[in-house]
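*Asks:* Sharing a structure, written as structure tokens. Questions coming.
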Amino acid sequence: MSVDKGLFNPRQTDTYDFYEGKPAPWNSEEEIERLVPTHCCYCGVQCGMYLKVAKGKVVGVEPRYDFPLNHGMLCPKGTTAYQTVNHPDRLTYPLMRRNGKNSPLERASWDEALDTIARRFREIQGQHGADAVAVYSGSSMTNEKCYLMGKFARVGLGTRHCDYNGRLCMSSATGANDRSLGIDRAANPISDMLHSDVIFVIGANVGECFPIVTSYLWQARDRGAKLIVADPRQTPIARTADVFLPLRSGTDSALLNSMLYVLITENLVDEDFIGARTNGWEETKAEALKYPPERAAKVCGLKPETIIEAARLYGQANAAMIYTARGLEHQSKGVDNGVACANLALATGNFGRPGAGYMTLTGQGNGQGGREMGQKASQLPGEREIEDPEDREYIASIWGIEEVDLPHAGYPATLMIPAMEREEIRACLMICSNPMVSLPDQHTVERALRGLDLFVVIDFFLSETCELADIVLPGNVWAEDEGTTTSLEGRVIKYNQAVEPPGEARRDWEIIGDLAKRLGKGQYFPYTSARDIFDEMRLATKGAKADYFGITYEKIEEQNGVFWPCPTPESTGTPRLYEERFGFPDGKARFHPIPYIPPAEEPDEEYPLVLTTGRVIYHYLSGNQTRRTPFLLEQAPCPWVELHTTMAQKLGINDGDWVTVRTRRGEMTVPALVVRSIRPDTLFIPYHYGHTQAANILTNPVLEPMNKIPEYKVCAASAVRAERAPDWAKDLDPELLKQARRSRKTLPSAGANVGPRVPGVPGA
Amino acid sequence: MAVKRIFLDPSRCIGCRSCVAACRECDTHKGETMIFIDYLNRGNTVASSPTLCMHCEEPLAPCAQVCPAQAILVSPDGVVHQADETRCVNIRNCVYVCPFGVPKFDGPGRYMRKCNLCYDRTSIGLPPMCASVCPTQAIFYGTYEEWIQSGRAQQGAKPVNVFYFGKQRVRTRNYVVMREEQDALDLMALAAEASLGNLSTTPAATADGEVEPWVEADSAGIPERMAPPQPWAPRTPAPLPAPVAPPAPAPAPEREPAPVGPEPVPVP
């Protein structure tokens, strides 16, 4: 885990004061009326859980031992997820600014808010064309809603510009899957890990971001599986790994090519598999042979023998799995990195068998479903292509419109921001997203969003982005609606409704349906329940790659989830892909040669360090929900910068000092966590915080060429000891912070532990 | 019937404090947590370890034995309970005597509180909250035989429930998972070793051993596809005709909207 609470809080004393002033009030008189089987609303693992309901309110959580993926296990986010349902910060009525951008957000009626939105959207579209309105959607919501947003943009508004926050999350994985394997889904269920002999985790902080998956990892190791971890930080799973490759951020493809080099030269590749089931090996082989470990190690900042050891371990395994996540995907060559992983798995024949595969761990709750339901800029439901005439014709017929009226591809989410800046997009409807935390180069994003003529946000909390909105509509949380999501292993599961939305808040699909009606398109959105949307969605995906046609709510309940593709009512789903053929017409996977591309910004004299960002276990994405949960906030109340003891010593920084981190985009001041579990040339800041605490003030907005994912994980930065605390520190309890800093000094941690100088510091 | 026990395996712990969050959710503890997660030495490692009541079997519950008010109940199934609020006389004998430092004194409530194995759950056959939620199963709940059956001993792990504090031997209901060669844990010896201040022998952090300096690709002699783009300039998407305005403060020139082509682009 990346943070020790001691950074923020005093050590525990012998008095019983663990939750200073903010324990969750406990009422044991409450009679639990029912347990609602559902799933966690947070990450892609989608753990099963029961919600305890008393007097029409969600009051607690109960482990769901019978759900086959997590068997009752939950991470701290899952355990406290129920606390967002009755949260006092919930938005319970619409808000709007009646007198321009500088007026306050005031209470409005639904009629006033929706009429205003419909009128202004029509005005803006009449004046500047249909594409002047954009829809910016999200992936942490049900498939039904994801499908609805895509349809609403194309049919309700008739705009090309519809995209979603998965652009910042899963789009590199999509690109790699589509280029190499042909189907954009994890190849194996999580339980396949138990059949692996070697597990290679690269760029995935499994312990913190997918905690439940760790239990499978440990079970596999009980069986004797070897673990290889590549990460610039010593993540919780890296601590006991058999081989640990602390590579420099942004050099993944050099490492992967070099491993392939070792496999080729030591004859560990599976020629039979390559010949029978793949195309394009010779070019990839020729490229990989340019990366001997002695050279690649210099670029990655590793020892050549470690790379060789990792490659041998991987190549000699009967069944090996590769797990990747945002670490190698959040880069300007994220797709390439994913393809390089697939190359490695293809070259060793590690596909289509238990325990053999390449799997990207999807970060968002419905990151898998969200990327196939047609809310992407270039996509129609079921992973259909928006520019494919047949797909267009079919979807137009399902939606009851003419094919010519179906808009073509629009801007991906990250290109909407420049389009807003040059006033090409003048209004935006946003749901389930918080770009004021999540997009890189925050200053530019803020300018773009402030410049919109009309900015509408649907959310259940007043997020940092809602603060810039002209109209805020209160939506529902996951426990207030039913619907399906698709977990990171491709398992379609179902949320069940526990309670009704509070106050005047409404279900998101009702809001969208009502808005469509006011735009004169009500006949295309005649839904009376989430099930209606699901049934239409099934039909829309029929025969497509992501085929949901055979999935019903009942089948999900019966089987504890259904793995797509599930093309017929008789089908029980497909847990493991590529057993016989890959997703291309000829059934063969494709190799692609991947030359190494350096990060867009390399350290220089002015910015000598590498900054990388990421998650901590206590927060989910932009923190809009988890920063409102007392337990989670207490564990990690503000961002910090993790840096190595050697570097801290060189810069004159002590543990707990305020440190100003600068990049070419901006600067921020955060407390230092001085540790030896990170590369000496690397800084790490968690990104979950908003306003002046947002790590994305610093990150580089350079985009991956194919799928436009920003390079969150690498940029050049400098760090200096700050003279004084930043303004936001005033909001923290100063006494608490003082105590924390005082008590930290007594710990035998960083200060006392400064060891011999470690090589690896640029310019040292 | 075999006794169900908790097996703590620090080598699996990721320090997520899910157990801490879940402990509060149990009706026995009513919003307070009776389990603790400590980082052993965050400056050097991410290693962490859970601490909870070990429910001593021999000698039976020292905390209960030293209580003059007999406020601490040991139920027939061997579970050592927290102090009875109506009996506790606030002298903290239990806090001082516990070999593991588990009982905590509730100042405002004026009584001792500690883990009682989620008695409302375990007494009806449900696992305690901490073991239920633990995402890595560093906290395992079951009989010794179930622990063996789960296959955890295959790589040489062995549960230990005997601890030495000098000459004092304590056998507990709950186990700590150690290595095969260890039959018991001599905690005083370990504490002495640590307090002798031999911090320089702290094993090097995992990250340290493998880190090397790096150089740029051309000087290392490996090919790279293109020179790094200038900072600030988003890399222009080569195969697509999409307009890309640099998100720089300078006002971008007006441009005609152009469609972004289908993506992802399959390479033939």
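*Asks:* Mind listing whichever residues of region A:681-713 are part of a strand (DSSP E or B) and of a type in the set (Asp, Glu)?
*Replies:* Hit for region A:681-713 is A:Glu711, nothing else.
*Asks:* Let me ask another. Would you please name the residue that is farthest from A:Ser137 (Cα to Cα), looking only at residues in region A:397-420 that are within 31 Å of the chain's Cα centre (by Cα) and more than 14 Å from chain B (Cβ to nearest Cβ)?
*Replies:* Out of the qualifying residues, it is A:Ile398.
*Asks:* Next up: Please identify the pairs in which a residue from region A:325-349 that is within 14 Å of another protein chain (Cβ to nearest Cβ) has its Cβ atom under 8 Å from the Cβ atom of a residue that is among the acidic types (Asp, Glu) and part of a helix (DSSP H, G or I), counting only partners at least 6 apart or on another chain.
*Replies:* Going by the 8 Å Cβ cut-off, the qualifying pairs are A:Gln331/A:Asp252; A:Asn337/A:Asp252; A:Asn337/A:Glu329; A:Gly338/A:Glu329; A:Ala340/A:Asp252.
*Asks:* Do you know which residues across region B:40-63 are farther than 26 Å from A:Val61 by Cβ and either within 7 Å of another protein chain (Cβ to nearest Cβ) or at pLDDT below 90 (or both)?
*Replies:* Matches in region B:40-63: B:Leu40, B:Asn41, B:Arg42, B:Gly43, B:Asn44, B:Thr45, B:Val46, B:Ala47.
*Asks:* Scan region A:521-563 for residues that are touching a helix residue (DSSP H, G or I) at 6+ places or on another chain (Cβ under 7 Å) and over 16 Å from A:Glu482 (Cα atoms) and report the count.
*Replies:* 9
A quick yes/no check of all residues on (1) within 14 Å of chain B (Cβ to nearest Cβ); (2) more than 29 Å from A:Val45 (Cβ to Cβ):
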{"position": "A:Ala377", "(1), (2)": "yes, no"}
{"position": "A:Pro381", "(1), (2)": "no, no"}
{"position": "A:Glu387", "(1), (2)": "yes, yes"}
{"position": "A:Ile395", "(1), (2)": "no, yes"}
{"position": "A:Arg422", "(1), (2)": "yes, yes"}
{"position": "A:Asp441", "(1), (2)": "yes, yes"}
{"position": "A:Arg447", "(1), (2)": "yes, yes"}
{"position": "A:Gly451", "(1), (2)": "yes, yes"}
{"position": "A:Val456", "(1), (2)": "no, yes"}
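*Asks:* Let me ask another. Of everything in region A:684-708, what is away from chain B (no Cβ under 14 Å) and in contact with a strand residue (DSSP E or B) (Cβ under 6 Å, 6 or more places away or on another chain)? Give them in sequence order.
*Replies:* A:Ile685, A:Tyr687, A:Ala695
*Asks:* With respect to the numbered conditions (1) part of a loop (DSSP other than H, G, I, E, B); (2) touching a Gly at 6+ places or on another chain (Cβ under 9 Å); (3) not hydroxyl-bearing (Ser, Thr, Tyr), which one is the sole condition not fulfilled by A:Ala220?
*Replies:* All conditions are met except number (1).
*Asks:* Then there is this: Being over 27 Å from the mean Cα position of the chain (by Cα) and free of Cβ contacts under 8 Å to residues at least 12 places away in the same chain is the filter here; which residues of region B:87-118 pass it?
*Replies:* B:Pro108
*Asks:* Ok, one more. What residue, among those in region B:1-15 that are outside any helix (DSSP H, G or I) and basic (Lys, Arg), is farthest from the other protein chains (Cβ to nearest Cβ)?
*Replies:* B:Arg5
*Asks:* Continuing with this model, one more query. Of the residues in region A:194-215, how many are outside any loop (DSSP other than H, G, I, E, B) and surrounded by 23 or more Cβ atoms within 10 Å (Cβ to Cβ)?
*Replies:* Going through region A:194-215 one residue at a time, the tally reaches 11.
*Asks:* Moving to a separate point now. Output the residues belonging to region B:10-38 that are crowded, with 22+ Cβ neighbours inside 10 Å, of a type outside the set (A, V, I, L, M, F, W, C), under 9 Å from the mean Cα position of the chain (by Cα) and at negative phi.
*Replies:* Across region B:10-38, the qualifying residues are B:Arg12, B:Ser18.
*Asks:* Something else: For region A:56-118, please list each of the strands (runs of 3 or more DSSP E) lying entirely inside it that holds at least 1 residues being closer than 30 Å to A:Leu454 by Cβ.
*Replies:* Where strands (runs of 3 or more DSSP E) fall fully within region A:56-118 and carry at least 1 residues being closer than 30 Å to A:Leu454 by Cβ, they are A:95-97, A:105-107.
*Asks:* Looking at (1) under 25 Å from A:Arg491 (Cα atoms); (2) in the same structural domain as A:Arg450 (by TED's automatic domain parsing); (3) among the small types (Gly, Ala, Ser), which is the only condition A:Gly126 fails?
*Replies:* (1)
*Asks:* Give region A:454-486 a look and list any residue that's among the aliphatic types (A, V, I, L, M) and in contact with a strand residue (DSSP E or B) (Cβ under 8 Å, 6 or more places away or on another chain), or say none.
*Replies:* Residues satisfying the conditions are A:Leu454, A:Val456, A:Val457, A:Ile458, A:Leu462, A:Leu468, A:Ala469, A:Ile471, A:Val472, A:Leu473, A:Ala479.
*Asks:* For region B:82-165, which strands (runs of 3 or more DSSP E) that fit wholly inside it have 1 or more residues that are touching a helix residue (DSSP H, G or I) at 6+ places or on another chain (Cβ under 7 Å) and more than 17 Å from B:His29 (Cβ to Cβ)?
*Replies:* It comes to B:139-142, B:157-165.
*Asks:* Follow-up. Select from region B:16-35 the residues that are in contact with a helix residue (DSSP H, G or I) (Cβ under 7 Å, 6 or more places away or on another chain) and more than 7 Å from chain A (Cβ to nearest Cβ) and write down the one among them that is nearest to B:Ile139 (Cα to Cα).
*Replies:* In this case the residue turns out to be B:Cys19.
*Asks:* Oh, and also: One residue is enough: does region B:219-231 have a residue meeting the conditions modelled with pLDDT of 70 or more, in contact with a Phe, Trp or Tyr (Cβ under 6 Å, 6 or more places away or on another chain), surrounded by 13 or more Cβ atoms within 10 Å (Cβ to Cβ) and hydrophobic (A, V, I, L, M, F, W, C)?
*Replies:* Yes, that holds for at least one residue.
*Asks:* For the list (1) in a strand (DSSP E or B); (2) surrounded by fewer than 24 Cβ atoms within 10 Å (Cβ to Cβ); (3) more than 11 Å from chain B (Cβ to nearest Cβ), I need the number of the one condition that A:Ala716 fails.
*Replies:* (3)
*Asks:* Still on this model: When you scan region A:235-253, do you find a residue that is in a helix (DSSP H, G or I) and under 27 Å from B:Glu224 (Cα atoms), even just one?
*Replies:* Yes, region A:235-253 contains a residue that is in a helix (DSSP H, G or I) and under 27 Å from B:Glu224 (Cα atoms).
*Asks:* Hand me the list of helices (runs of 4 or more DSSP H) wholly inside region A:486-598 holding 1 or more residues that are crowded, with 20+ Cβ neighbours inside 10 Å and at pLDDT 95 or above.
*Replies:* Hits in region A:486-598: A:508-518, A:530-540.
*Asks:* Condition check: more than 14 Å from chain B (Cβ to nearest Cβ) and either in contact (Cβ under 8 Å) with a residue 12 or more places away in the chain or more than 33 Å from the chain's Cα centre (by Cα) (or both). Does A:Ala81 satisfy that?
*Replies:* For A:Ala81, the condition - more than 14 Å from chain B (Cβ to nearest Cβ) and either in contact (Cβ under 8 Å) with a residue 12 or more places away in the chain or more than 33 Å from the chain's Cα centre (by Cα) (or both) - is not met.
*Asks:* When you go through A:Asp131, A:Asp163, A:Asp184, A:Asp178 one by one, which is the residue that is surrounded by 20 or more Cβ atoms within 10 Å (Cβ to Cβ), charged (D, E, K, R) and assigned to a strand (DSSP E or B)?
*Replies:* Exactly one residue qualifies, and that residue is A:Asp163.
*Asks:* Still on this structure, please answer the following. List the number of the failed condition for A:Thr80; all other conditions in (1) at pLDDT 95 or above; (2) within 30 Å of A:Cys209 (Cβ to Cβ); (3) in contact with a Leu (Cβ under 7 Å, 6 or more places away or on another chain) hold.
*Replies:* Going through the list (1) at pLDDT 95 or above; (2) within 30 Å of A:Cys209 (Cβ to Cβ); (3) in contact with a Leu (Cβ under 7 Å, 6 or more places away or on another chain), A:Thr80 breaks only (1).
*Asks:* For region A:32-62, enumerate the residues that are of a type in the set (Gly, Ala, Ser) and more than 28 Å from the chain's Cα centre (by Cα).
*Replies:* Correct list: A:Ala54, A:Gly56.
The values are calculated or read from the model by the stated rules, or taken from the named source; none is laboratory data. Just so it is clear, the model here is predicted, and its values are computed rather than measured. Cβ sites come from the backbone with ideal geometry, for glycine too, and all protein chains shown count toward neighbours.
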